[in-house]
């Protein structure tokens with residue numbers, strides 16, 4: 001059945017047997033299926049493929065009534081006649097794996113270039129073969145809806161609002177599609193490989209979302225990714241896709257220092273280009289922006305103290321103070337955002353000094369908060385103490401340090417009553433990492449309230465003084 005919904009859009013209901021033989025509409029061949037290189041890699045797990053096999057086998061065993069519906073496939077028909085798969089490769093590839101396992105000779109004719117796709121296909125086949133999976137398949141009774149458009153923009157608009165095999169597209173997937181279609185067609189594959197080379201973008205997207213939303217002049221609450229995933233997804237799409245400009249420029253906004261020498265001005269170069277809160281343009285600008293902050297996050301907020309050519313001493317200290325800390329994953333995310341925002345503006349020549357004073361401010365919530373530190377309490381803290389603004393609105397490193405040193409907080413003694421409590425363990429971990437001691441081997445809650453922050457400040461000052469002497 002074919003339905004022409006507009007001059008640029010056609011919809012057809014076909015079986016997989018018809019699709020794999022070469023999709024036709026109104027009896028006219030429409031070309032062969034093709035997987036554009038700029039699409040996201042194949043990522044279904046063997047468990048997901050096995051579940052699809054179980055669903056198909058269950059359907060096959062039922063009395064004949066209706067076909068098994070696999071969902072819609074969104075295809076873009078280019079001028080070369082190929083049908084480019086915009087949405088549907090996860091399901092089609094999984095069906096192809098099941099065809100191989102079932103000994104089916106009719107297969108989807110697709111070419112994979114992404115190493116991750118090829119590796120996942122091989123792994124899924126190996127796992128399911130070891131499990132002796134022999135699915136029941138009848139391609140003639142598996143139905144799909146083809147949505148074919150000659151407009152790539154229309155195809156991606158459908159893509160951005162569809163579910164893929166029951167799994168809703170993430171905000172990052174939609175942002176990727178948005179920016180790749182804004183790139184010149186001849187460069188899409190190159191930028192797709194660049195995007196995939198960035199790896200897991202969830203941490204850096206969380207990082208820039210906090211920096212861009214948590215600002216006092218334009219405060220916006222962030223939805224919880226765990227408790228309100230759909231709201232979080234919509235916020236990511238709005239901030240990093242929909243709200244980006246479309247003039248195709250690649251602009252970097254940054255704090256610039258110019259020294260006047262006689263009658264001329266001399267600009268001081270900055271190692272990084274983009275500012276975390278800057279306006280973004282669709283296409284290369286947003287891709288390179290994410291690439292920069294992904295790089296900074298990996299360099300200065302490592303999970304382990306491996307080789308870090310930029311600042312080994314900070315890398316090791318970060319691991320002890322932050323990465324290995326059980327204080328709060330939510331505090332770590334705020335700290336990472338602040339540190340990356342700082343380095344992006346001021347460089348890394350004094351990152352350890354900035355990092356230590358930022359640590360004192362951010363992790364003060366561990367001792368001042370009445371209860372356990374939660375996602376919501378960190379967002380309230382960032383609103384009440386806009387330390388991201390202190391970084392974004394400062395002109396010099398000295399201004400940043402002065403503002404952070406002036407930060408004050410009160411430690412709640414009732415938080416420290418248990419000798420084995422998490423808050424007391426936090427105090428012990430900080431003392432150990434920065435190599436300082438409190439007046440008593442097992443200080444009381446009152447002693448910690450009276451001495452801990454003063455001792456922490458002295459330890460930071462001593463460490464920074466040593467850095468000045470031995471840069």
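Yes/no per residue for (1) within 25 Å of residue 241 (Cα to Cα); (2) at pLDDT below 95:
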site: 272; (1), (2): yes, yes
site: 282; (1), (2): yes, yes
site: 285; (1), (2): yes, no
site: 308; (1), (2): no, yes
site: 314; (1), (2): no, yes
site: 333; (1), (2): yes, no
site: 339; (1), (2): yes, no
site: 354; (1), (2): no, no
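Do we have any residue at all in segment 451-464 that's assigned to a loop (DSSP other than H, G, I, E, B) and either without any contact (Cβ under 8 Å) to a residue 60 or more places away in the chain or exposed (fewer than 14 other Cβ atoms within 10 Å of the Cβ) (or both)? Walk me through it before giving the result.
Here is the first cut: in segment 451-464, the residues assigned to a loop (DSSP other than H, G, I, E, B) are none.
No: segment 451-464 contains no residue that is assigned to a loop (DSSP other than H, G, I, E, B) and either without any contact (Cβ under 8 Å) to a residue 60 or more places away in the chain or exposed (fewer than 14 other Cβ atoms within 10 Å of the Cβ) (or both).
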Exercise for the section: Count, please, the residues in segment 58-78 that happen to be surrounded by 16 or more Cβ atoms within 10 Å (Cβ to Cβ) and more than 11 Å from residue 145 (Cβ to Cβ). Expected result: 5
Exercise for the section: Please determine, by comparing only the residues of segment 103-124 that are buried (at least 17 other Cβ atoms within 10 Å of the Cβ) and in a helix (DSSP H, G or I), which one is modelled with the lowest pLDDT. Expected result: 117
Practice task
Sort out which residues of segment 393-425 are surrounded by 21 or more Cβ atoms within 10 Å (Cβ to Cβ) and either under 29 Å from residue 223 (Cβ atoms) or modelled with pLDDT of 95 or more (or both), and write them in order of number.
Solution key: 400, 404, 415, 423
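Answer yes or no as to whether residue 147 is surrounded by 20 or more Cβ atoms within 10 Å (Cβ to Cβ) and assigned by TED's automatic domain parsing to the domain that holds residue 41. Walk me through how you get there before you give the answer.
Numbers: surrounded by 20 or more Cβ atoms within 10 Å (Cβ to Cβ): yes; assigned by TED's automatic domain parsing to the domain that holds residue 41: yes.
Here the answer is yes, as residue 147 does meet what is asked.
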Practice task
State yes or no: is residue 160 outside the structural domain of residue 379 (by TED's automatic domain parsing) and modelled with pLDDT under 80?
Solution key: yes
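Okay, residues lined up against (1) outside the structural domain of residue 214 (by TED's automatic domain parsing); (2) farther than 17 Å from residue 336 by Cα; (3) in a helix (DSSP H, G or I):
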position: 360; (1), (2), (3): yes, no, yes
position: 371; (1), (2), (3): yes, yes, no
position: 409; (1), (2), (3): yes, yes, no
position: 425; (1), (2), (3): yes, yes, yes
position: 436; (1), (2), (3): yes, yes, no
position: 448; (1), (2), (3): yes, yes, yes
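Considering only residues that are assigned to a helix (DSSP H, G or I) and either at pLDDT 90 or above or under 17 Å from residue 20 (Cβ atoms) (or both), which ones fall in segment 55-94? Can you show your working first?
Residues of segment 55-94 that are assigned to a helix (DSSP H, G or I), as a first pass: 55-60, 89-94.
Scanning segment 55-94 gives 56, 89, 90, 91, 92, 93, 94.
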Handout entry: When residues of segment 22-39 are limited to those that are surrounded by 14 or more Cβ atoms within 10 Å (Cβ to Cβ) and not in a loop (DSSP other than H, G, I, E, B), the one modelled with the lowest pLDDT
Key = 25
Handout entry: Test: residue in segment 278-291 that is out of contact with any helix residue (DSSP H, G or I) (no Cβ under 8 Å at 6 or more places or on another chain) and exposed (fewer than 13 other Cβ atoms within 10 Å of the Cβ)
Key = yes
Exercise for the section: Of the conditions (1) farther than 24 Å from residue 16 by Cα; (2) at pLDDT 85 or above; (3) in contact with a helix residue (DSSP H, G or I) (Cβ under 6 Å, 6 or more places away or on another chain), residue 177 clears all except one; give me its number. Expected result: (2)
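The values are calculated or read from the model by the stated rules, or taken from the named source; none is laboratory data. Remember, predicted model here, so these are calculated numbers, not experimental data. Cβ sites come from the backbone with ideal geometry, for glycine too, and all protein chains shown count toward neighbours.
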